Amino acid sequence: MTVTSPSRRDFLQQGLRLTAAGSLLAAGMSHAAPDNAPARPPLPQGDRYQLRNVRLEEGFEREGGEVIATHTALYDITVQAGRFAAIERAGQARVSDLPQWDAAGALLLPRTRDMHIHLDKTFYGGPWQAPRPRQGKTIMDMIAREQVLIPQLLPTSQARAEALIDLLYSKGTTEARSHCNIDPVSGLQSLAHLQQALANRPHFHCEIVAFPQHGLLRAQVEGLMREAMQQGVQFAGGLDPTRVDGAMQASLDAMFQIAVDFNRGVDIHLHETAPSGVAAIHYMIDTVAKTPQLKGKVTLSHGFALATLEGRALDSTLAGLAEQQISVASTLPLGKLTMPLPQLQAAGVTVMTGTDSVIDHWSPFGTGSMLEKANLYAQLYRSADEFSLSRALHIATGGILPLSDRGERQWPQLQDDASMMLVAASCSAEAVARIAPVCATFHRGVPVFSA
């Protein structure tokens, strides 16, 4: 009998999927508590309190020049007015009449950021519903599906957005950037519902992107996009200018013009991997170079075309993105193409990550965990050692890490913003590798979640 062996790429991809699934299961199991475990006291309310027995990272242990472990110690931390007011060795803090909470050795890490999510159209918070089969379907088929689905989602979209924000809280996230449909079917209703959901969750900081999911030119929504800007939306969005709008330059020009007219940023979905995707990226770089007010205000979401480049073509494109301060938001996709995220970062490009969808008509697999994204980053880019795992946390926190590359504590510092999470882990490396359960989440000092 002949046995056909899988290719190395297929083997690695399958192994990555199994490892990620195993990590999630292990994390869930480690979070389980016995039925007779005593209930933990509630977190203090407000933004003035003391956390006792908090684990902080202090430095790296090295052997032969290699980092082999992370040193930690327990501290008592005082939070006032949303900032770290005191950081003292456990048991040495001055007697205080502030409310106190025992962290019981949980590790303190920076809060995480979900910089690409769709809060406005989700199945989360409702009955189970799997996406329809995608085989043989084009993006136009998915747009047609949305035209039927969006009216069905609108009556519950505000409540489901609030439930999704609560899920993000439970994963350590207190900041996000949400894309919001601006389309002929929902008009500005999806935006109104999302804005109300955010008003009901005042300790969740969220930027909004006006997203022409059905096409900016194709759906003729430029007028609606401009109305969205007038209602306080921070970013003008776009979608596959060649594949959806059929006119790359005209579509990108219209998107950029909206941003310029309202002094807003840009965040565009670009899924195209054909040469048209590369052409769109180069056109965006050239446009920003000619329009100084856009420099540092443009994000390329997905940008799969970057994964088709190599050598000088990749280097010159990355240099252009860095020069114009164009950031990249990647969901760390698993597939045939691997995004060149380390190369982007080495070139000076800001790289962010996000959930995209937790569960909707596109995908049912999202967890809302940015620690999981850091875990995937570590796996995709071969970061399995203590030092590399600790560095992988940056993709989830917006670059904030407890220790510098030299092993010096750089977070938290006195008067830093106390947006943070407590996790069941001994150090950052373990938190990333094992996708540590979140015990508590705080936004600018205010507790927003406790397990």
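The values are calculated or read from the model by the stated rules, or taken from the named source; none is laboratory data. Everything quoted here is computed from the prediction, not taken from an experiment. Every residue, glycine as well, gets a Cβ built from its backbone with ideal geometry; the counts of neighbours run over all protein chains shown. To get the accessible areas, we keep the full protein, side chains included, count just its heavy atoms, and leave off ligands, DNA and RNA. Shrake-Rupley method; radii C 1.70, N 1.55, O 1.52, S 1.80 Å.
Okay, here's what the table says:
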quantity	calculated
For the chain, with +1 on Lys and Arg beta carbons and -1 on Asp and Glu, the positive-most of VAL358, MET140, ALA347 along the dipole	MET140
Gain upon complete extension [ARG406, SER363; 0.36 nm per residue less C-alpha separation]	11.5 nm
Segment PHE262-SER316, length gained on full extension (0.36 nm per residue, minus Cα span)	16.4 nm
Length-normalised contact order of the chain in % [C-alpha pairs under 8 Å, at least 6 apart]	21
Relative contact order %, the range 112-368, counting alpha carbon pairs below 8 Å whose residues are six or more apart	21
Considering only the range 112-368, percent of DSSP beta bridges that pair antiparallel, nearest 5	5
Cβ-based charge dipole, the range 112-368, positive-most Cα from GLN230, THR112, GLY126	GLY126
Summed residue charge, Cβ within 12 Å of GLN220's Cβ, Lys/Arg positive, Asp/Glu negative	-2
Alpha carbon convex hull of the chain, volume per residue in cubic angstrom	185
Gain upon complete extension [LYS137, GLU66; 0.36 nm per residue less C-alpha separation]	20.6 nm
Apportionment of accessible area to carbon and sulfur, the range 112-368, percent (1.4 Å)	51
Proximal charge balance of TYR75 [Cβ under 9 Å; K/R count +1, D/E count -1]	+1
Model label zone, GLN80; criterion: amide N under 12 Å from point 7 Å along Cα-to-beta-carbon; scope the range 40-55	48-50
Nearest-ten-degree value, helix 311-323 long axis tilted from longest Cα axis of the chain	70
Alpha-carbon radius of gyration plus Dmax, which is the widest Cα pair, for the range 112-368 in Å	17.3, 51
Sites ASN200 and HIS271 - FRET efficiency at Förster radius 51 Å, r taken between beta-carbons, to 0.05	0.95
Theoretical FRET efficiency, 1/(1+(r/R0)^6), r = Cβ-Cβ of ALA73 and GLN45, R0 30 Å, to 0.05	0.60
Surface accessible to a 1.4 Å probe, per residue, for the residues of the chain, Å²	43
Subset of LYS121/LYS290; LYS336/LYS373; LYS137/LYS373; LYS297/LYS373 violating a 29 Å alpha-carbon distance limit	LYS121/LYS290
